[in-house]
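This report refers to the structure that appears directly beneath it.
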Protein chains: 2
Amino acid sequence: MNKERIREIVEEIVKDSFKKSKMVPIAASNRHIHLSPEHVDRLFGRGYELTKLKDLSQPNQFAAKETVTLIGPKGKIQNVRVLGPARGRTQVEVSLFDGFTLGVKPPIRNSGDILGSEPITIQGPRGQLTINEGLICAARHIHMDTNDGKIFGVQDGDLVQVKVDGVRGVIFTNVLIRVSPKYKLEMHIDLDEANAAGIKNGQLGEIIGFESPKQVGGE
Amino acid sequence: MNKERIREIVEEIVKDSFKKSKMVPIAASNRHIHLSPEHVDRLFGRGYELTKLKDLSQPNQFAAKETVTLIGPKGKIQNVRVLGPARGRTQVEVSLFDGFTLGVKPPIRNSGDILGSEPITIQGPRGQLTINEGLICAARHIHMDTNDGKIFGVQDGDLVQVKVDGVRGVIFTNVLIRVSPKYKLEMHIDLDEANAAGIKNGQLGEIIGFESPKQVGGE
């Protein structure tokens, strides 16, 4: 048996033991932007194609070489990574801390839920535009595939609690479960949340329970 | 009975009901610096006295009008508030996010515990100096007086869990209890933690339990 095959088997065993103990790897997302095909044209020039810098953990998603500048009423943030591929509507995801820098108050939203969210101005090398809505602070969530959902005993849309150990230990409540055959097991939080819990990328969190309906929709 | 007296009575009743339900007001601390008398001299000029901008919640502590600039290997942070009065050893408290900006890794420490913490360069209007240790990220903690300690059933040095409700709900674990006759009831967290939990100043958290010894010192 060659080295590569042994590595695969070990990885499988480790992954299975995570799932048995309801452990989930955690990744912190820095600020980023998803662009509609139309907005790629306006910011980078007509017919422009985003170029892949590296693959992201979720299948077919990639970090592009391209970056933009966000311009708010109080300040700018440069070098904001574009994620690809270009998709439906433009969505900008920042932390609440970034919100202070820009002078805007991004609402805590699930990805795709941008109705009535904050406006922001976006500058690219070939143009600038303002979206009337689309700036959000992404709500913490866990991606998993259908099989993971069965193992963990959770369904798409469930809210769970996730415990992170350490000096800065935290139990995140209201963590949204997102199940799809195309997802890879990973919990996504933003940099504020990663710092608050002293989390390094790849660190594990443990699903320790469901939210009671009372706690959901508390705000 | 006059309005002022009624307000005092209402405040007392509200405070007592907080304590009965183990609720604690939360305040987020922005980055700040405590200076030794010697360092006040070196940064602001010999014999300089800090001037009070406003009182802080803890008795005799104040935010000074004076600010300094922190200079790290990767970046600077300007307008860092000096807290007064000048005291024993210089201590700089920043968030982990600030650590990225400066290019340093502040350890999570209790105030006063600076042995072997990070060095940093501090610039004032009349001088610049580098401390070999003293840069920390303050560990979350709750100040309370001796009577509060009795009501809550906790002692100085205990570690408790504090629950914060809301869309970004969080249970902070490893929250240090600090009891002193001179303290006023308040939980202190940094801006990363406030953002992660979507906390506004004055919002309440609930002490929901003690840490088991196993969880403490996990890192």
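Residues in the range A:65-78 that are among the aliphatic types (A, V, I, L, M) and out of contact with any Asp or Glu (no Cβ under 7 Å at 6 or more places or on another chain) were compared, and the one that is most open to solvent (accessible area, probe 1.4 Å) is A:Ile71.
Yes or no, residue by residue, for (1) of a type in the set (Lys, Arg); (2) within 23 Å of B:Ser95 (Cβ to Cβ); (3) more than 8 Å from every other protein chain (Cβ to nearest Cβ); (4) surrounded by fewer than 20 Cβ atoms within 10 Å (Cβ to Cβ):
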| position | (1), (2), (3), (4) |
| --- | --- |
| A:Val160 | no, no, yes, no |
| A:Val164 | no, yes, yes, no |
| A:Arg168 | yes, yes, no, no |
| A:Ile171 | no, yes, no, no |
| A:Lys182 | yes, no, yes, yes |
| A:His188 | no, yes, yes, no |
| A:Asp192 | no, yes, no, no |
| A:Ala197 | no, yes, no, no |
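Taking the condition open to solvent by less than 20 Å² (accessible area, probe 1.4 Å) and within 14 Å of another protein chain (Cβ to nearest Cβ), does B:Gly99 pass? Taking the combined requirement at face value, the residue satisfies it. Please count how many residues of the range B:167-191 are assigned to a helix (DSSP H, G or I) and touching a Leu at 6+ places or on another chain (Cβ under 8 Å). Number of matching residues: 0.
Quick grid of which residues meet (1) open to solvent by 60 Å² or more (accessible area, probe 1.4 Å); (2) farther than 26 Å from A:Gly149 by Cα; (3) at pLDDT 95 or above; (4) in contact with a strand residue (DSSP E or B) (Cβ under 7 Å, 6 or more places away or on another chain):
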{"residue": "A:Arg5", "(1), (2), (3), (4)": "yes, yes, no, no"}
{"residue": "A:Glu11", "(1), (2), (3), (4)": "yes, no, no, no"}
{"residue": "A:Lys15", "(1), (2), (3), (4)": "yes, no, no, no"}
{"residue": "A:Ile33", "(1), (2), (3), (4)": "no, yes, yes, yes"}
{"residue": "A:His39", "(1), (2), (3), (4)": "no, yes, yes, yes"}
{"residue": "A:Leu43", "(1), (2), (3), (4)": "no, yes, yes, yes"}
{"residue": "A:Ala63", "(1), (2), (3), (4)": "no, yes, yes, yes"}
{"residue": "A:Val80", "(1), (2), (3), (4)": "no, yes, yes, yes"}
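Anything in the range A:199-208 that is within 13 Å of another protein chain (Cβ to nearest Cβ) and touching a Lys or Arg at 6+ places or on another chain (Cβ under 7 Å)? List them, or say none. Result: A:Gly205, A:Glu206, A:Ile208. Taken over the range B:121-150, the criterion of being under 19 Å from the mean Cα position of the chain (by Cα) and either in a strand (DSSP E or B) or at positive phi (or both) is satisfied by B:Glu133, B:Gly134, B:Leu135, B:Ile136, B:Cys137, B:Ala138, B:His141, B:Ile142, B:His143, B:Met144. Of the residues in the range B:206-216, none is assigned to a strand (DSSP E or B), free of Cβ contacts under 8 Å to residues at least 24 places away in the same chain and surrounded by fewer than 20 Cβ atoms within 10 Å (Cβ to Cβ). Total residues in the range A:121-148 satisfying the condition of being more than 14 Å from chain B (Cβ to nearest Cβ) and crowded, with 19+ Cβ neighbours inside 10 Å: the figure is 9. The criterion of at least 1 residues that are more than 30 Å from A:Val94 (Cα to Cα) and hydrophobic (A, V, I, L, M, F, W, C) is met, among helices (runs of 4 or more DSSP H) falling completely within the range B:1-115, by B:3-20, B:37-44. The requirement of being within 30 Å of A:Lys200 (Cα to Cα), touching a residue at least 12 places away in the same chain (Cβ under 8 Å) and among the β-branched types (Val, Ile, Thr) is fulfilled nowhere in the range B:57-67; no residue meets it.
Say whether the condition of being open to solvent by less than 30 Å² (accessible area, probe 1.4 Å), without any contact (Cβ under 8 Å) to a residue 60 or more places away in the chain and touching a His at 6+ places or on another chain (Cβ under 7 Å) is met by at least one residue in the range B:104-116. For the range B:104-116, residues open to solvent by less than 30 Å² (accessible area, probe 1.4 Å), without any contact (Cβ under 8 Å) to a residue 60 or more places away in the chain and touching a His at 6+ places or on another chain (Cβ under 7 Å): absent.
The values are calculated or read from the model by the stated rules, or taken from the named source; none is laboratory data. Note that the structure is predicted; figures quoted are calculated from it, not measured. Methodologically, a virtual Cβ is constructed for each residue, glycine included, from the backbone with ideal geometry; neighbour enumeration extends over all protein chains shown. These area figures cover heavy atoms from the full protein model, side chains too; ligands, DNA and RNA do not enter into them. Shrake-Rupley method; radii C 1.70, N 1.55, O 1.52, S 1.80 Å.
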